[in-house]
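Participant: Have a look at the structure that comes next, please.
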Amino acid sequence: MASSLASAASAGVPDPATVTLALSTRKLPAGSCLDATITVGPDRTGQDVQLQRATREGWRTIARIPLGPGSQALVRTCMHWSDLGTVRLRSRWPRQDADNETGVSAIKDVKVVKARWMRKIDRLVRKRSIGVSVGAGAVGGDPAAHTFLYRRADATRRAPASNEKLLLSMALLDRLGPDARFATKAGVTRWRNGVSGDLWITGAGDPEVGPGKIRSLATRLVDAGLRRVRGRVLGNRGGFARDWWARGWKRSYRDLYIPLPTALTWQGNRAGGRHIRDPERRAAASLHEQLRRMGVRIGGRPGDGRPKRSLDTVAQVGSAPLEDLLRRQNVHSKNFFAEVLGKALGAARAGAPGTIAKGARSIEAFTKGLEVRARAYDSSGLSSANRIAPGGIVRLLLAAEDASWYEPLRTSLPSAGQGTLRGRLRGVGVRAKTGTLSGISALSGWVWLEQEDRWATFSILSRGMSKSTAVAIEDRIVRAISNGARIPD
């Protein structure tokens, strides 16, 4: 053996370079970084050296840096949630001249442990049926660099309750855009010299039609030259089907929580504290009265129905922009808004009539397009049969950060102390959608990281606890994230 080595040396075979790796620490909390110092001998200043990490497929180069003075290089490497456990590192100088063969350092192990804020969440959720997911978008907008900061049972699909409205909001913004408006139109089958036959009002899913909007429509009709209606003012019952049920709804919901979702609405489809079934007739009656006050003669009494012929639009009024409607929907968790807008989404995607089922399928199609599995039966989240995983919601929120409608979505959610977050999370930067069903609670959205000066996404879905217990845990989780989470570059 000795003779063979002597022969190699005498034959001029180069020796391997000497490579050493020194680490600033061997134990590191996830979300932190360590410094690695690499030294190569003989002196190879200006040449490249590599920091490598062991993977199942072999050694992967995670940094390539030039050697500086003294033939040394300093590189910082950061550890994430996905790195928990033991990470094996080595440095390597690949052969770059004829004097030395490739050299590799000794392997150094780094133990990556949970950060304090992660352990706090672990204690809060221990032995409870609760899923938690926390994610961060990439600085600079590279979707491939989105990362999870914490995960606990976040692949288990659960009922999202009113977090379904968050999914609906994303699907609507993606398809229609934040500036979309829903027109309420006045149309006729015959029009000549300011005289019409029947005058029809047709809605398209504006959930806020009321006296003010009808007054504007009447003014525009008069400005367009309307002087007389020979027939009647009628509310169009078309556009949406009159379905008022979804799988997973309790029988009491129609009386307590959700008015009939119609294309032409009237004052939230409520009157005298009850849900009404004739909003189209009531909208027609309002327009009838407004026109009479403006001097328009009308032949018959107001009513509703479905026109047998196509209508020519004489005047119209638009809804508020979609982003404003979504803010009012999400801040106060309005079920009526959600099912009306859900039917409008279903009609936009699959054609008229809009239905609750079409809206739900549109939400599923949106999530599927982003490779997130969801099961939807409504748009409001009243259905206990809806399903999505917390990790899926976080992936959708991360994808939203790369969309043109990200800001309208985030600002549509209540901040601390507002709407359904009234009395909650004071002093925390948060934009989040709540959710409540019997024995089910949810909170998902964005939280401001105090140490990073940027937003992180999160989703918390639970069941089997009282609402007060669930809220207390959710708020403590959000505070732990806000105060402790780090996003290493």
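The values are calculated or read from the model by the stated rules, or taken from the named source; none is laboratory data. Bear in mind the structure is a predicted one, so any value in this text is a computation, not a measurement. Every residue, glycine among them, receives a Cβ derived from its backbone with ideal geometry; neighbour counts consider all protein chains shown. Each accessible area value is taken on the protein alone, full model and side chains, heavy atoms only, with ligands, DNA and RNA left out. Shrake-Rupley method; radii C 1.70, N 1.55, O 1.52, S 1.80 Å.
Participant: (1) surrounded by 18 or more Cβ atoms within 10 Å (Cβ to Cβ); (2) of a type outside the set (A, V, I, L, M, F, W, C); (3) under 15 Å from Ser133 (Cα atoms): which one isn't true of Arg463, the others all being true?
Facilitator: Only one criterion is unmet by Arg463, namely (3).
Participant: So, one more: For segment 19-34, which residues satisfy the criterion of being over 36 Å from the mean Cα position of the chain (by Cα) and either part of a strand (DSSP E or B) or within 23 Å of Ala98 (Cβ to Cβ) (or both)? Don't jump to the end; show me each part of the working.
Facilitator: Pass one, segment 19-34, residues over 36 Å from the mean Cα position of the chain (by Cα): 19-26.
If the condition is that a residue be over 36 Å from the mean Cα position of the chain (by Cα) and either part of a strand (DSSP E or B) or within 23 Å of Ala98 (Cβ to Cβ) (or both), then Val19, Thr20, Leu21, Ala22, Leu23 are the ones that fit.
Participant: A follow-up question, please. In segment 88-96, is there at least one residue being open to solvent by less than 30 Å² (accessible area, probe 1.4 Å), over 30 Å from His288 (Cβ atoms), modelled with pLDDT under 95 and not in a strand (DSSP E or B)? Explain how you work it out, then say what you get.
Facilitator: Step one: list which residues in segment 88-96 are open to solvent by less than 30 Å² (accessible area, probe 1.4 Å), which gives 89, 91, 93-94.
Cutting the leftovers down to over 30 Å from His288 (Cβ atoms) gives us 89, 91, 93-94.
Filter once more, keeping what is modelled with pLDDT under 95: none.
No, the conditions are met nowhere in segment 88-96.
Participant: Which residue pairs have Cβ atoms under 8 Å apart, sit 6 or more places apart or on different chains, and have a first residue in segment 213-235 that is β-branched (Val, Ile, Thr) and a second that is open to solvent by 80 Å² or more (accessible area, probe 1.4 Å)?
Facilitator: Val229/Arg297
Participant: Additional query: Would you point out which residue out of Arg426, Arg361, Arg410 is open to solvent by 40 Å² or more (accessible area, probe 1.4 Å), in a helix (DSSP H, G or I) and of a type in the set (Lys, Arg)? Outline the logic, then answer.
Facilitator: On the way: Arg426 fails: in a helix (DSSP H, G or I); Arg410 fails: open to solvent by 40 Å² or more (accessible area, probe 1.4 Å).
Just one listed residue meets the conditions, Arg361.
Participant: Which numbered condition trips up Phe336, out of (1) in contact (Cβ under 8 Å) with a residue 60 or more places away in the chain; (2) open to solvent by less than 10 Å² (accessible area, probe 1.4 Å)?
Facilitator: Failed condition: (2).
Participant: Scanning segment 226-238 for residues that are in a strand (DSSP E or B) and under 45 Å from the mean Cα position of the chain (by Cα), which turns out surrounded by the fewest Cβ atoms within 10 Å (Cβ to Cβ)?
Facilitator: Step one: of segment 226-238, the residues in a strand (DSSP E or B) are 228-229, 233-236.
In the following step, the residues that additionally are under 45 Å from the mean Cα position of the chain (by Cα) were identified as 233-236.
Working: Val233: 31, Leu234: 25, Gly235: 26, Asn236: 22.
Here the answer is Asn236.
Participant: Something else: Can you name every residue in segment 68-87 that is open to solvent by less than 90 Å² (accessible area, probe 1.4 Å), part of a helix (DSSP H, G or I) and under 16 Å from Val112 (Cα atoms)?
Facilitator: Hits for segment 68-87 are Trp81, Asp83.
Participant: Which one is surrounded by the most Cβ atoms within 10 Å (Cβ to Cβ) among residues in segment 466-476 that are farther than 18 Å from Leu397 by Cβ and touching a residue at least 24 places away in the same chain (Cβ under 8 Å)? Spell out the reasoning first.
Facilitator: Taking segment 466-476 first, the residues farther than 18 Å from Leu397 by Cβ are 466-473, 475-476.
If we keep only those that are touching a residue at least 24 places away in the same chain (Cβ under 8 Å) as well, we get 467, 470-471, 473, 475-476.
Values: Lys467: 13, Ala470: 24, Val471: 19, Ile473: 21, Asp475: 20, Arg476: 14.
Among those that are farther than 18 Å from Leu397 by Cβ and touching a residue at least 24 places away in the same chain (Cβ under 8 Å), it is Ala470.
Participant: Follow-up question, since we're still on this one. Looking only at segment 345-358, how many residues end up being farther than 16 Å from Gly203 by Cβ and either among the hydrophobic types (A, V, I, L, M, F, W, C) or open to solvent by less than 20 Å² (accessible area, probe 1.4 Å) (or both)? Write out each step before concluding.
Facilitator: Quick first cut of segment 345-358, residues farther than 16 Å from Gly203 by Cβ only: 349-351, 356-358.
Cutting the leftovers down to either among the hydrophobic types (A, V, I, L, M, F, W, C) or open to solvent by less than 20 Å² (accessible area, probe 1.4 Å) (or both) gives us 350, 356-357.
Adding up the residues that qualify gives 3.
Participant: Taking segment 256-285 as the region of interest, how many residues are among the hydrophobic types (A, V, I, L, M, F, W, C) and part of a helix (DSSP H, G or I)?
Facilitator: The number of residues fulfilling the criteria is 4.
Participant: Can you tell me which residue is farthest from Asn483 (Cα to Cα) among those in segment 114-129 that are modelled with pLDDT of 95 or more and out of contact with any helix residue (DSSP H, G or I) (no Cβ under 9 Å at 6 or more places or on another chain)?
Facilitator: Ser129
Participant: Still on this structure, please answer the following. Are there any pairs with C-beta distances below 6 angstrom linking a residue in segment 25-49 that is touching a residue at least 12 places away in the same chain (Cβ under 8 Å) and of a type in the set (Gly, Ala, Ser) to a residue that is assigned to a strand (DSSP E or B) and buried (at least 20 other Cβ atoms within 10 Å of the Cβ), with the two at least 6 apart or on different chains, and if so which?
Facilitator: Cβ pairs passing all conditions: Ala30/Val112; Ala36/Leu51.
Participant: Hey, another quick one. Evaluate segment 310-319: report whether one residue or more is part of a strand (DSSP E or B) and small (Gly, Ala, Ser). Can you show your working first?
Facilitator: Restricting attention to segment 310-319, the residues satisfying the condition of being part of a strand (DSSP E or B) are 312-318.
From what's left, small (Gly, Ala, Ser): 315, 318.
Within segment 310-319, one or more residues are part of a strand (DSSP E or B) and small (Gly, Ala, Ser).
Participant: If you scan segment 100-115, which residues turn out to be over 27 Å from the mean Cα position of the chain (by Cα) and farther than 16 Å from Val49 by Cα? Let's see the steps before the verdict.
Facilitator: Kept after step one, since they are over 27 Å from the mean Cα position of the chain (by Cα), are these residues of segment 100-115: 100-113.
Residues satisfying the conditions are Lys108, Asp109, Val110, Lys111, Val112, Val113.
Participant: Sort out which residues of segment 179-225 are of a type in the set (Ser, Thr, Tyr), assigned to a strand (DSSP E or B) and open to solvent by 20 Å² or more (accessible area, probe 1.4 Å), and write them in order of number. Before you say what the answer is, go through the steps one by one.
Facilitator: Pass one, segment 179-225, residues of a type in the set (Ser, Thr, Tyr): 184, 189, 196, 202, 216, 219.
Right, trim to assigned to a strand (DSSP E or B) and you get 184, 196, 202.
Of everything in segment 179-225, just one residue is of a type in the set (Ser, Thr, Tyr), assigned to a strand (DSSP E or B) and open to solvent by 20 Å² or more (accessible area, probe 1.4 Å), namely Thr202.
Participant: Shifting gears a bit: What is the one condition in (1) under 16 Å from Asp304 (Cβ atoms); (2) touching a residue at least 24 places away in the same chain (Cβ under 8 Å) that Leu260 does not satisfy?
Facilitator: In the conditions (1) under 16 Å from Asp304 (Cβ atoms); (2) touching a residue at least 24 places away in the same chain (Cβ under 8 Å), Leu260 misses (2) alone.
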